[in-house]
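Student: One structure coming up, written as structure tokens, with questions to follow.
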Amino acid sequence: MWADVGRSEELVPGYLGPWQVRATPDGASVFVLCKDAAKIAVIDVASQQVTRWINVPADSHDFVISSDGKVIYVAAGVSNGIVAEIKGDDGTQVRQIPVGHTPGGLALSKEGRRIYVCNRFDNTVSVIDLAAGREEKRLAVTREPVAAALTPDEKRLFVANLLPLDRCDSYDVAAVVSCINTSNFEVHPIRLPNGSTDVHGLTISADGKWVYVVHVLARYQMPTTQLERGWMNTNALTIIDAENERVFNTVLLDDVDLGAALPWAVVCSSDGQKLMVSHAATDEISVINIPAVLEKLAKLPPTPEAAQAAGLVYDGSQTSLSAADVPNDLSFLVGLRERIPLYGLGPYDYLSADPEKIVKGARGLALVGTKVFVATYFGDLVTVVDLNASKYRRLSYVPLGPKPVLTKERLGELYFHDASLCFQHWQSCATCHPDGRVDGLNWDLLNDGLGTPKNNKSLLLAHQTPPSMWEGVRATAEEAVRSGIRHIQFAVRPDEDAQAIDAYLKSLRPVPSPHLVNGQLSESARRGRELFFSERLKCHHCHPEPLYTDLKKHNVGSRGPLDRSSEFDTPTLIEVWRTAPYMHDGHYLTLEELFREGKHGETAGSDVGSLTDQELHDLCEFVLSL
């Protein structure tokens, strides 16, 4: 989640919510962004004590520190995003620079000439000229950019797009990393492996050769009949060749029988020897011997395609592990990576830890010398891992405030993001529903029979808009939550856990649409609203206000060859702008395609086929503004 975007205020009564960690250039301090409290805690590295606090704007999502340590740049805001420039010594706010919707993912040039800002819900990156104090350029990227990093020569900016933007009923569905040439602003998409989603973090090696990207690698083409060996979701590190702007390979961060769910942030040591990854759903960090990983990958036989491209002889007779096999090999990192839980003396203590101990919610991390500082969201603390200490003495904690007392909603948020509820810890609810919304994939859930994949649905307003699931097979969202724990997490849990998750999901609030203008419908959307509620189109018959659903199933002529029913639940249209692709099978990337190609609404008597191009645009603008 990003700040308190899309959440009700009852989730943050007095919580701090440590989210991002950055070290000062001299390594003497670490700054911790507490997004729920709208403050930055300054921790002295030597004493591991909080020395002071800096106020930041509400809804802050990320920050960076200038190379001289004198200035902090904070990305904040929702619809009207800003970058706030704050003095590092006394916390004085110098100026605010307007950017896009829900800014974050900051990357600052070494000399402080430019700062790059990911505008998550505008699907753009702002290029800010700091001397002029204004936006120099705004570049379109793929979908929900959330993290960015500059190469050391600053010739390329790599941007992590959280979600894929593909038709879900196609074979290859994957998120991309956008590579931006900083001299001419050309954008080159680098496609991650099939099934890549939840791309939360990336970093670049000190020599600029490699981009390290962490993400979920979903096995969405498999029926959800089991979890063993990453049957549904695995968790991955993709290595990109920065100069050639292409994927080198992808390695799995899981063990054979223990998932490392929801990799979140990733940092590389300055000497290039270690790569650290935080795992948000298993509350641990991975410490990877990255030179050994690169060496092992380089020694593997190439794929036939790569061999042919390089002019090498490859007759297909090789029987050893090839480069193509690595993304499916759960043992590849054995001996090359250590998993360090953030609670207890070892993995067994961690696995049995009571969630109320709240050393949970690993998010941002920073490396200072041999110590890794990890923002621990639900505990309002920073976990410090000393890599040189013995495993019995390596953990210490820096409380940022009193131990938080979790409300039912907050506990539900914790459970929603906690893979310890899941068999072998392969996934959390948030793996398939980041922010409680969608992952951009089709899944073959068994509630409507085997072999009937359906597009993932947002959980926003799920409790207010029964029934649940595309075929309405769950009468209520409460029933769906309990079925998910049993049949997707393959776990048996006390009903109190499900009740807390219910409370969290009920507390979710819509994010204002990026199609609104100063919070209001645009002129085009106002015209579209008239069309929507007209008897010519009859959209409001099935999508009435205020929830824009009649809570019924309808046959809209969308049955596909794999479907066993012709009637599907009418979803709410609220926040439809962030839930592409559309329909139960994810067949349409845009609403324009849905109306023009899918002729959506015609079975209910809508005259959508007669719309002019301008009318179609106006209609879509209104729906996308909800």
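Read-outs: derived from the displayed coordinates by stated rules, not from any lab. These figures come from a predicted structure and were not determined experimentally. Because the Cβ atoms are built from the backbone with ideal geometry, glycine has one as well, and the counts that use them run over all protein chains shown.
Student: Tell me, rounded to the nearest percent, the portion of alpha carbon pairs in segment 94-169 spaced more than 17 Å apart.
Tutor: The share of Cα pairs beyond 17 Å in segment 94-169 comes to 42 percent.
Student: Return the label of the correct value of Rg/Rh (Cα atoms, Kirkwood Rh), as calculated from the structure shown, out of [x] 0.99; [y] 0.95; [z] 1.67.
Tutor: [y]
Student: Here is a further query. Mind checking the angle between helix 495-507 and the chain's longest principal axis? C-alpha axes, 0 to 90 degrees, to the nearest 10.
Tutor: Approximately 80 degrees, to the nearest 10.
Student: Give me the three principal axis extents of segment 1-134 from the C-alpha atoms, as integers in angstrom, largest value leading.
Tutor: For segment 1-134, the Cα spread along each principal axis is 42, 41, 21 Å.
Student: Return the equivalent ellipsoid semi-axes of segment 58-140 as a descending list in whole Å, where each equals the square root of 5 times an eigenvalue of the C-alpha gyration tensor.
Tutor: Values for segment 58-140, descending: 19, 14, 10 Å.
Student: Compute the semi-axes of the equivalent ellipsoid of segment 152-277, taking the square root of 5 times each eigenvalue of the Cα gyration tensor, and list them largest first in whole Å.
Tutor: Over the Cα atoms of segment 152-277, the ellipsoid semi-axes are 26, 19, 9 Å.
Student: From the P(r) of segment 462-546, could you give the percentage of C-alpha pairs in the tail past 22 Å?
Tutor: I get 50 percent for the Cα pairs in segment 462-546 exceeding 22 Å.
Student: Kindly put His541, His200 in sequence by how many other C-beta atoms sit within 10 Å of each C-beta, fewest to most.
Tutor: The fewest-first ordering by Cβ neighbours comes to His541, His200.
Student: What number, in nm² with one decimal, is the all-direction average of the projected area of the convex hull of the alpha-carbon atoms of segment 445-505?
Tutor: Average projection, Cα convex hull of segment 445-505: 4.1 nm².
Student: What order do you get for 275-287, 603-615, 143-155 when each peptide is scored by the mean count of other beta carbon atoms within 10 Å, highest first?
Tutor: Taking the mean over residues of other Cβ atoms within 10 Å, the ranking is 275-287, 143-155, 603-615.
Student: Ok, one more. May I have the pair-distance distribution P(r) for segment 523-624, computed from all Cα-Cα distances with 10 Å bins from 0 and rounded to whole percent?
Tutor: Binned Cα distances yield the sequence 15, 52, 29, 3, 0.
Student: May I ask for the distance between the Cα centers of segment 536-590 and segment 355-392, given as a whole number of Å?
Tutor: 44
Student: Order these by the 10 Å Cβ neighbour count, fewest first: Ser322, Ser331.
Tutor: Fewest-to-most ranking of Ser322, Ser331: Ser331, Ser322.
Student: Among Lys110, Lys35, which comes first, second and so on when ranked by fewest other beta-carbon atoms within 10 Å?
Tutor: Ascending Cβ contact count within 10 Å gives the list Lys110, Lys35.
Student: Sticking with this one: For a label point 7 angstrom out from the Cα of Gln614 toward its Cβ, which stretches of segment 515-549 have the backbone nitrogen within less than 18 Å?
Tutor: Residues 522-532 qualify, since their backbone N sits under 18 Å from the label point.
Student: What angle, in degrees between 0 and 90 and rounded to the nearest 10, separates the Cα long axis of helix 477-487 from the longest principal axis of the Cα atoms of the chain?
Tutor: Taking the Cα atoms of the chain, the angle to 477-487 is about 60 degrees.
Student: Another question about this same structure. Taking the Cα-to-Cβ direction at Ser396 and at Glu338 and moving 7 Å from each Cα, how far apart do the two end points lie in nm?
Tutor: Label-label distance for Ser396 and Glu338, simple model: 1.7 nm.
Student: Let me ask you something else. So what's the angle, to the nearest 10 degrees on a 0 to 90 scale, between helix 523-532 and the longest Cα principal axis of the chain?
Tutor: Helix 523-532 sits at roughly 50 degrees to that axis.
Student: In nm, to one decimal, how far is the modelled label at Gln464 from the one at Leu258, with both set 7 Å along Cα→Cβ?
Tutor: Spacing of the two 7 Å Cα→Cβ label points: 4.2 nm.
Student: Moving on. Are there GluC sites (Glu not before Pro) in segment 455-542 that DSSP marks as loop and that have at most 16 other Cβ atoms within 10 Å, and which are they?
Tutor: Glu535
Student: Still on this structure, please answer the following. How big is the gap, in Å, between the Cα center of segment 427-441 and the Cα center of segment 398-416?
Tutor: 21
Student: Determine the distance separating the Cα centre of segment 263-286 from the Cα centre of segment 16-34; give it in Å without decimals.
Tutor: What the calculation gives is 16 Å, centre to centre.
Student: I've got another one for you. Lys391: which lysines have alpha carbons under 28 Å from its alpha carbon, excluding same-chain residues fewer than 8 sequence positions away?
Tutor: The qualifying lysines are Lys274, Lys296, Lys357, Lys360, Lys371, Lys403.
Student: Counting only other residues whose beta carbon sits under 10 Å from that of Ile285, what net charge do I get with K and R as +1, D and E as -1?
Tutor: -2
Student: Between Thr51 and Glu243, what is 0.36 nm times their sequence separation minus the Cα-Cα distance? Round to one decimal in nm.
Tutor: Gain on stretching Thr51 to Glu243: 65.0 nm.
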